[in-house]
1. Would you check which residues across segment B:35-53 are farther than 21 Å from A:Met5 by Cα and either crowded, with 20+ Cβ neighbours inside 10 Å or under 14 Å from the mean Cα position of the chain (by Cα) (or both) and list them?
2. Can you name the number of the only condition in (1) touching a strand residue (DSSP E or B) at 6+ places or on another chain (Cβ under 7 Å); (2) at pLDDT 95 or above; (3) more than 8 Å from every other protein chain (Cβ to nearest Cβ) that B:Gln17 fails?
3. Just one of the numbered conditions (1) modelled with pLDDT under 95; (2) away from chain A (no Cβ under 13 Å) is not true of B:Met41; which one?
4. Can you list residue pairs whose Cβ atoms sit under 6 Å apart, with the first residue in segment B:77-90 being farther than 10 Å from B:Thr113 by Cβ and the second being β-branched (Val, Ile, Thr)? Count only pairs 6 or more apart in sequence or on different chains.
5. Of all residues in segment A:57-112, count the ones that are touching a residue at least 24 places away in the same chain (Cβ under 8 Å), more than 10 Å from chain B (Cβ to nearest Cβ), part of a strand (DSSP E or B) and within 23 Å of B:Tyr95 (Cα to Cα).
6. Would you be able to say whether some residue in segment B:69-83 is assigned to a loop (DSSP other than H, G, I, E, B) and within 27 Å of A:Tyr87 (Cα to Cα)?
7. With the structure loaded, tell me whether B:Tyr64 is within 12 Å of chain A (Cβ to nearest Cβ) and either surrounded by 19 or more Cβ atoms within 10 Å (Cβ to Cβ) or farther than 15 Å from B:Ala92 by Cβ (or both) or whether it fails that test.
8. Are any residues in segment B:1-46 touching a residue at least 60 places away in the same chain (Cβ under 8 Å), in contact with a Ser or Thr (Cβ under 6 Å, 6 or more places away or on another chain) and assigned to a strand (DSSP E or B), and if so, which ones?
Amino acid sequence: GQQVMQIPQYQHVQEGEDFTTYCNSSTTLSNIQWYKQRPGGHPVFLIQLVKSGEVKKQKRLTFQFGEAKKNSSLHITATQTTDVGTYFCAGPSGGSNYKLTFGKGTLLTVNP
Amino acid sequence: NAGVTQTPKFRVLKTGQSMTLLCAQDMNHEYMYWYRQDPGMGLRLIHYSVGEGTTAKGEVPDGYNVSRLKKQNFLLGLESAAPSQTSVYFCASSYDRGQGIYGYTFGSGTRLTVV
């Protein structure tokens, strides 16, 4: 079945450093979504990317969808302690647009 | 709007007991889902529904049943709980705005421990 792989599994940074997490799919995706889960919380939708090569920004967060629509990245500039959490990517699974397969996530910790 | 509401938030079951987790959404979303989250395993789909009266199996459906008698509610049942079902369960809902399903709205989760 379709797999969505994320690297790294963990990332610890000093406040102010940049952070990037990568997502790779075994199949071409119609879209990719990113979620953030704070410790003890629930996943919260951040963004959806649809177009090949698409780049979207949300303040210090930059999301990119690969040209082949099989990979994506999330980059955070100048991390803050509020960025702590697990970041998940997710893509439509099993040829269906009705359900998502999630990557295992990247846990980001920030040292103040 | 409350969004997606899950009840209960916490539960401890003994092996072999049964229970039902309730998920309710007030956004008129067509699609609803049950995921479980375990350390190191990410989010795994148990069952999902693409509309009232419909259900389908996800990645890890064994030991669970679901029902969606009303559009706003999606129930997850455990008929005979096992320790392997100790997990955090998340319900989510979504809709299609023309480019595939848009972002999930998740509930706050149910932490279930089976002893």
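The values are calculated or read from the model by the stated rules, or taken from the named source; none is laboratory data. In this text, all values refer to a predicted model and were calculated from it rather than measured experimentally. Note that we place each Cβ from the backbone using ideal geometry, even for glycine, and neighbour counts take in every protein chain shown.
1. Quick first cut of segment B:35-53, residues farther than 21 Å from A:Met5 by Cα only: B:47-53.
Residues satisfying the conditions are B:His47, B:Tyr48, B:Ser49, B:Val50.
2. (1)
3. (2)
4. Going by the 6 Å Cβ cut-off, the qualifying pairs are B:Gly77/B:Thr20; B:Tyr89/B:Thr110.
5. 5
6. The initial filter retains those residues of segment B:69-83 that are assigned to a loop (DSSP other than H, G, I, E, B), namely B:69-72, B:79-82.
From what's left, within 27 Å of A:Tyr87 (Cα to Cα): none.
No, that holds for no residue.
7. Values: within 12 Å of chain A (Cβ to nearest Cβ): no; either surrounded by 19 or more Cβ atoms within 10 Å (Cβ to Cβ) or farther than 15 Å from B:Ala92 by Cβ (or both): yes.
For B:Tyr64, the condition - within 12 Å of chain A (Cβ to nearest Cβ) and either surrounded by 19 or more Cβ atoms within 10 Å (Cβ to Cβ) or farther than 15 Å from B:Ala92 by Cβ (or both) - is not met.
8. Those that are touching a residue at least 60 places away in the same chain (Cβ under 8 Å), in contact with a Ser or Thr (Cβ under 6 Å, 6 or more places away or on another chain) and assigned to a strand (DSSP E or B): B:Val4, B:Gln6, B:Val12, B:Leu21, B:Gln25, B:Tyr31, B:Met32.
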